[in-house]
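One structure is given below, encoded as structure tokens.
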Amino acid sequence: MGDMSNSDFYAKNQRNEENHAAEFGCSVMELRSLMELRGSEAVVKLLEDYMGVEGLCKRLKTSPTEGLAGAPIDLDKRKEIYGKNLIPPKKPKTFLQLVWEALQDVTLIILEVAALISLVLSFYHSPGESDGHSANCGAAASGAEDEGEADAGWIEGAAILLSVVCVVLVTAFNDWSKEKQFRGLQSRIEQEQKFQVVRSSQVIQLPVSDIVVGDIAQIKYGDLLPADGILIQGNDLKIDESSLTGESDHVKKSADKDPMLLSGTHVMEGSGRMVVTAVGVNSQTGIIFTLLGAGTEEEEKKEKKVKKQDGAAAMEMQPLKSAEGGETDEKERKKVSAPKKEKSVLQGKLTKLAVQIGKAGLLMSAITVIILVLYFAIENFVLRKQPWLPECTPIYIQYFVKFFIIGVTVLVVAVPEGLPLAVTISLAYSVKKMMKDNNLVRHLDACETMGNATAICSDKTGTLTTNRMTAVEVYLGDVHYKEIPEPGVLPPKSLDLLVHSISINSAYTTKILPPDKEGGLPKQVGNKTECGLLGLVLDLKRDYQPIRNQLPEEKLYKVYTFNSVRKSMSTVVKLPDGSFRMYSKGASEIVLKKCGRILNEVGEPRIFRPRDKDEMVKKVIEPMACNGLRTICVAYRDFSGDPEPNWEDEGNILTDLVAICVVGIEDPVRPEVPDAILKCQRAGITVRMVTGDNINTARAIAIKCGIIQPGEDFLCIDGKEFNRRIRNEKGEVEQERMDKVWPKLRVLARSSPTDKHTLVKGIIDSTMVEQRQVVAVTGDGTNDGPALKKADVGFAMGIAGTDVAKEASDIILTDDNFSSIVKAVMWGRNVYDSISKFLQFQLTVNVVAVIVAFTGACITQDSPLKAVQMLWVNLIMDTFASLALATEPPTESLLRRKPYGRNKPLISSTMTKNIFGHGVYQLVIIFTLLFVGEQIFDIDSGRNAPLHSPPSEHYTIIFNTFVMMQLFNEINARKIHGERNVFDGIFRNPIFCSIVFGTFAVQIFIVQFGGKPFSCQPLDLEKWMWCVFLGLGELVWGQVIASVPNSKLRFLRRAGQLTRKDELPEEDVNEDNDEIDHAERELRRGQILWFRGLNRIQTQIRVVNAFRSSLYEGLEKPDSRSSIHNFMTHPEFRIEDSTPDIPLIDDMDDDPARRRKYSSQPSSPNKNNNAIDSGINLTIDTSKSAASSSPTSPLHSLETSL
């Protein structure tokens, strides 16, 4: 259906409609044209053509209150005429397309070309060979190719091509399974998306794809509308239509003013019922998708939605950034139309690294070829003064080709084509396993970002707690009951009001159902707080259902639904005598402020003075909150019917209420949370709780969870205080004020969604600490969308989360449990470590193989390791090793170290030490074998072997020893933090064991039976033992290396920072671009001037310092710090000594020189002068001062940001 062009589709439908014209009173096209209208036009059209919504329902043969009858025949007919509620997905890429994409890799192309040249030449036999000319053609003995290789010349090319095929197939298969998984994921997310529909008077949950035209759907806060419809009845309904119109303001909907509801829009407030008028391809979203060719790319769909949700209409004009971490250079931008694969920060780092190594390899191979050619030419034509004989030309060409192949071999070994493969394998493996740990990963790179997380901002309800609300205390009629009382004890009047208030003033979709299993807990459906209150009604031996049946939802006069500003919900009903009664409930401190009276012990209202309120807060609400209870106040107010109050004037309606009671609702902490939080804290991750609850409740829960420990220096504040502290007089958020708050902040209570977003943005943009903070956020509500998008990793709740939250998130927690986040951290770190392990192993082999091939070729005019042998080594170390090392399962020990920073170099100093250490060992062994091996083993020398000699034992030993060393070094590579026990947990990874043993077996086969193709001579047992023994030496040598402290190896520091400059991915810059609004642009201009001024001050400070340091050699003048402050005059520039110093792994080998280097770099390469981001560094370079060398000394970098 997706491929069918629109016109065909309509034509077919037209025919259908003619057949069924008698069935229903309106056609698809009529409904479509109706849905294109907005506002009052739509109301007029409805009245003129259909006699209002009721008339439309009649024509569609549905009842506004009872819905469809749900007979299968009727439903099928509707699907046939009006279409199904599905947008057909784009065809997935075929396996061949993926293979073609994998072949685009540059290194592979170089290899293919070299292999083809080699193949062609191997079949070309020079006439000179058969004649006896070769004797006259110069120094034929100069390491010329032996007859084994002449016969088996084609093997080399074929082997190269074979390894290329292997790599391509593995990559393509990976991409294919990833895509398949992603589709599975999509369909799983889609199946999980259910919607409430009324069928034959029963409210049922239907999968979205089963909704048909004519269905009556119930909509509520947080829903993503699944189809187009017309509102029948709504309470205070507000819709966010930005995903369709780009209009960021919420649109008010009501049956008499603007009843049109469109698919793909979000309900931001209120509730209501609509009749579905268009589904699938005919709905507004469907029409857009058909125009796009049925969703040009699932990823792009998301990106578009995201862009639009940000309301940045201007941004939509740009080509969509792929998730590549913004590594789009000019080339990429030109070919933006081409489909791009997702690339994460890590893959970005690795691609850069691979390119750097590749360049080095290219250089080495070019030099090798040039040296060989020159050596040959000089020896033959200069020293021997031989003429160039025409009949010798083919032989010379063969020599040159041989040299070229040696060069290509060096290149093949130098280029680590296994790197991207290792990342893909590792990520794919992790994502698959994370499903089992209840993490549904929607964006691959989120998994790896999670490993670097330094802060988690978590919701309280449902994430840290079980989200099973039960009322445990109640204050009613001047008595505080510590447990739910018997109904007989309570004043009947109050009880009656309470039961009515709770039953009517809560969403009718909220219910308590009997338990699924015998003896289980009753099932709570809908809003959990309301379930707690309904549970209270049941505990008081009353039932809410009869009251609701007596007063169905459409009879409610007016509803003020709950939203994050009101923090309360009220419902107005018309009493039989024409007067009105409003029931209210909400956060106790907010509702009590609005109460003027309270029910006394006999159920009569009495005056409720401000000092009574204060006493009640102290004696009732605070003690409840300190026990971690959520306090809800239930109240009511009566209005006279004549004159009718102005319901729109909320301020006057929601005052002077009569309080009925205060209920304390408990939401117990999940049993596994405290342990999970402790793990996070050990792992160097700060957990902050951001909740809408009252501060005392929040603090009590935070203590139970272990987020705050007694005696710690921390902040627990509410939204009001938070905003007071971070905003200046104009009400703008200042990063500098924010930096004073966030490091100590642990609990933010009574926070609005904007506060959450502000906090996340503030922490991410902060430049106080050396490493940029990586923030993960959990959210479930619609209003958490912005914070989830802003965060580095957004977690949405799979069960309690609204569709909007899931859409904005990177990972969905299928069990809503905080401890699953800890698992995600573990997997994320594991991905990073797996890559590092592989890198360490890979680079050791590369360094050694390149040096051996290069020096061997230069000294003996022949590489000790032949091309096919090199390819075998390449296969072991690339494809197999990436499989073996990338699938190591995570261990708890990953959580015992601090997070890597955003800009930590890929190769740590420990790894550099290992790479060089093992490289030295292997080179010593190989060169010893190459130059004195024949004496040690008492065999013929393989060096300078005459033409056509069979493979020598000598070179076979070198090859075999080399492979043995790699095998044992692979075991060493399992640990990268300098651990001693490299065998720890080796049997938990069956893939690793099988690959090591498999490689060993194949190696035996190659050496004993490989013969001429592999240039191998079978070895006897003794020589084999020696090879294995030299390989085992790797393990011993590994222990020696581990004993050398890193601090002794200062010179390795640079190598460890290979990728420092490309580290801060450009995405950071791009992200900020998305978020600049116009006001901020104006600010920018001012900021640039500021910057110039500050730069001058900086220079002046440097000058002052230079003088000072020469004056006080090594003596820090005690008041130097304050004098700089006097210089600055601003008190804000004072930086507290409590600058959190987050130690990184490599802090052991930190030294002042490096620290100064950091502090004097601007914090981020920001291209758009965003002052918030590029913290101005007032660097005090006290190189001589003793104080500056201590890392925590506040003098080492006085960074301030605007």
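Residues TRP100, TRP742, ordered by accessible area of protein heavy atoms at a 1.4 angstrom probe radius and largest first, appear as TRP100, TRP742. Ranking GLY641, CYS680, VAL662 by Cα position along the charge dipole of the range 572-684, where only Lys, Arg, Asp and Glu carry charges on their C-beta atoms, puts CYS680 farthest toward the positive end. The distance between label points at GLU80 and GLN356 comes to 6.7 nm (points 7 Å beyond Cα on the Cα→Cβ vector). P(r) for the range 614-704, from all Cα pairs and a bin width of 5 Å, is 3, 11, 15, 16, 13, 11, 10, 8, 6, 4, 2, 1, 1, 0 %, short bins first. Largest accessible area first, the listed residues ARG609, ARG442 line up as ARG609, ARG442 when surface is computed with a 1.4 Å probe on the assembled protein chains. Projecting the Cα atoms of PRO546, TYR560, GLY532 onto the charge dipole of the range 530-592 (Cβ charges, centred on the Cα centre) puts TYR560 farthest toward the positive pole. Site pair THR509 and GLU54 shows an inter-label distance of 2.6 nm when each label is modelled 7 Å from Cα along Cα→Cβ. Fraction of C-alpha pairs exceeding 15 angstrom in the range 908-988: 65 percent, rounded to a whole number. Converting the Cα gyration tensor eigenvalues of the range 793-929 into ellipsoid dimensions via √(5λ) gives semi-axes, longest first, of 44, 16, 12 Å.
The Cα center of the range 1013-1029 and the Cα center of the range 746-784 differ in position by 61 Å.
Using a Förster radius of 60 Å, what is the FRET efficiency between GLU729 and PHE95 based on their Cβ-Cβ separation? Nearest 0.05, please. Efficiency computed from Cβ-Cβ geometry: 0.45. Under conditions of 4 °C and 1.567 mPa s, the range 468-542 yields 99 µm² s⁻¹ as its translational diffusion coefficient, taking Rh as the Kirkwood radius over Cα pairs in the Stokes-Einstein equation.
Over the C-alpha trace of the range 360-494, radius of gyration and Dmax come out as 38.6, 123 angstrom. For the residue pairs LYS593/LYS619; LYS58/LYS252; LYS460/LYS528; LYS436/LYS904; LYS257/LYS558; LYS517/LYS541, the alpha carbons lie more than 19 Å apart in LYS58/LYS252; LYS436/LYS904; LYS517/LYS541.
Selection among TYR832, ILE876, ALA800 by position relative to the dipole of the range 756-884 gives ILE876 as farthest towards the positive end (Cβ unit charges, Cα centre). Taking amide H as placed 1.01 Å from N in the peptide plane, the amide H of CYS661 sits under 5 Å from that of VAL634, each at least 5 places away or on another chain.
Would you calculate the convex hull of the Cα atoms in the range 669-740 and tell me its volume per residue in Å³?
105
Seen from all directions on average, the range 344-421 presents a Cα convex hull projection of 5.8 nm². For the pair LYS704 and VAL1044, the difference between a 0.36 nm per residue extended length and the Cα-Cα distance amounts to 118.0 nm.
Counting only Cβ charges, +1 for Lys and Arg and -1 for Asp and Glu, the dipole size of the range 935-1006 around its Cα centre is about 320 debye.
For the range 20-67, place one equal point scatterer on every Cα, skip the solvent, and apply the Debye formula. What is log10 of I(q)/I(0) at q = 0.22 Å⁻¹? Debye output, listed in q order: -0.82.
Under the convention that each Lys and Arg Cβ holds +1 and each Asp and Glu Cβ holds -1, the size of the dipole of the range 801-905 around its Cα centre is about 460 debye. Dividing the mean sequence gap of close Cα pairs (under 8 Å, 6+ apart) by how many residues the range 814-939 holds gives a relative contact order of 41 percent.
What FRET efficiency comes out for ILE397 versus PHE714 if R0 is 45 angstrom and r is the Cβ-Cβ distance? Round to the nearest 0.05. Plugging the Cβ-Cβ distance into 1/(1 + (r/R0)^6) gives 0.05.
Amide H contacts of GLY264: LEU225, ALA227, each under 5 Å away and 5 or more positions distant or on a separate chain (H built 1.01 Å from N in the peptide plane; Pro and chain starts excluded).
Normalised by 2.2 N^0.38 Å, where N counts its residues, the alpha-carbon radius of gyration of the range 431-572 equals 1.39. For LYS567, the solvent-accessible surface with a 1.4 Å probe is about 30 Å², rounded to the nearest 10. Between amide H atoms placed 1.01 Å from N, distances below 5 Å from GLN1017 occur with THR956, all of them 5 or more places distant or on a separate chain.
The stretch between ASP642 and ALA69 holds 202.1 nm of extra length on full extension. This uses 0.36 nm per residue minus the Cα-Cα distance. In a simple Cβ point-charge model (Lys, Arg +1; Asp, Glu -1; nothing else charged), the range 46-93 has a dipole of about 560 debye relative to its Cα centre.
Protection proxy ranking of 883-891, 610-618, by the mean of other Cβ atoms within 10 Å over each peptide's residues and highest first, is 883-891, 610-618. Surface listing: CYS1027, CYS626, CYS858 arranged by accessible area from highest to lowest gives CYS626, CYS858, CYS1027, probe 1.4 Å.
In the frame of its principal axes, the range 627-783 has Cα extents of 67, 42, 29 Å, reported largest first.
As an exercise, use a Förster radius of 35 Å and the Cβ-Cβ distance of LEU47 and ASP656 to find the FRET efficiency, rounded to the nearest 0.05. Write out the running numbers ahead of the final one.
On the way: r = 39 Å, r/R0 = 1.13.
Efficiency computed from Cβ-Cβ geometry: 0.35.
The values are calculated or read from the model by the stated rules, or taken from the named source; none is laboratory data. Bear in mind that the values here come from a model prediction, so they are computed numbers and not experimental data. Positions of Cβ are generated from backbone atoms using ideal geometry, with glycine treated the same way; all protein chains shown enter the neighbour counts. Just the protein is used for accessible areas: all its heavy atoms, side chains included, with ligands, DNA and RNA removed. Shrake-Rupley method; radii C 1.70, N 1.55, O 1.52, S 1.80 Å.
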